[in-house]
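Each value in this text was obtained by applying a stated rule to the coordinates, not by laboratory testing. These numbers come from a predicted model, not from an experiment. Here the Cβ positions follow ideal geometry from the backbone for every residue, glycine too, while neighbour counts run over all protein chains shown.
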Amino acid sequence: MRVVLRTFPSRPCLFALPVLRAPRFHANAIMPFPHTNVPPHMPVFNARTGAGGDSHPDIERVLFSREALYERVNDMAFKISGDYAALGATEITVIAVANGAMVFAADLLRGISLNTRFDTVRASSYYDGTSPVSVPRIHNAGRLELGGRHVLLVDDILDTGNTLALLRDMLEVHRPATLRTCVLLDKKARRVTPYTAEYVGFDVPDVFVVGYGLDFAERYRNLPFIGTLKPERQDISSWD
Ligand code: 5GP
Ligand code: MG
């Protein structure tokens, strides 16, 4: 009798296929939201009030749609969660710069998988009359103690860099274990004070943008997208 040895089975051998297992997660694991086009946690469009669509009569051009923001913010939360977990951190202290960063911070927080403490600082910019550069003013420096903590400073937009440079100096006095910055938008062309944020959502050109927390005269923060204002709406005297 002749025995024929085959190197490969002539028929596919099902039990040799790799076993596909569902990934397992534990309490502090990194769990990004599923990447869908519609935010699953809350529909932003409100059919009853008509608010929350991806257009507005005062907006000239939409730069970042609701879906684009949702995707990017959750990517950032995923990256932040992974980076801090790799550092051995079990907790982050997020400090958001009110008012502009509130909408961004609210979405970012819900995508972070580590334990998170949250506080705000209030900052505003004014023109001091002698200089063309805005001078930031800090109105409320927050209450949480920061010594030895992993602190993440969150702002809407990095423009001249003056506000974040001032805040970073203020926070460093408390000797946090680490201090990093996360901004949704970076307008690099406008930088006056050198500043680099570790986490940046999008680079933007030198245009004035509103929406998703960013305002013009305290308006438009509630738009779920980011866009530029029509020129006729940039003159406050034209308003009702
Ligand atoms: P800084 O110039 O100190 O980097 O930024 C100060 C603040 O100016 C930002 O946190 C933001 O609130 C505001 N800002 C800068 N650029 C824009 C913009 O294009 N639109 C709006 N709405 N605010 C901006
Ligand atoms: Mg701001």
TODO: Go through the range 180-219 residue by residue and tally those that are in contact with a Pro (Cβ under 8 Å, 6 or more places away or on another chain) and among the aliphatic types (A, V, I, L, M).
DONE: 1
Task: Failed item in (1) more than 19 Å from Arg149 (Cα to Cα); (2) within 16 Å of ligand 1 (Cβ to nearest atom); (3) of a type outside the set (Ser, Thr, Tyr); (4) outside any strand (DSSP E or B), with Arg122 passing the rest - done: (4)
Open item on the list: With the structure loaded, tell me whether Asp155 is touching a helix residue (DSSP H, G or I) at 6+ places or on another chain (Cβ under 8 Å) and either of a type in the set (Val, Ile, Thr) or within 11 Å of ligand 1 (Cβ to nearest atom) (or both) or whether it fails that test.
Closed with: yes
Open item on the list: Residue pairs, Cβ under 7 Å, 6 or more apart or interchain, first in the range 97-109 and closer than 17 Å to Arg66 by Cβ, second of a type in the set (Lys, Arg) and within 11 Å of ligand 1 (Cβ to nearest atom). List them.
Closed with: Val103/Arg221
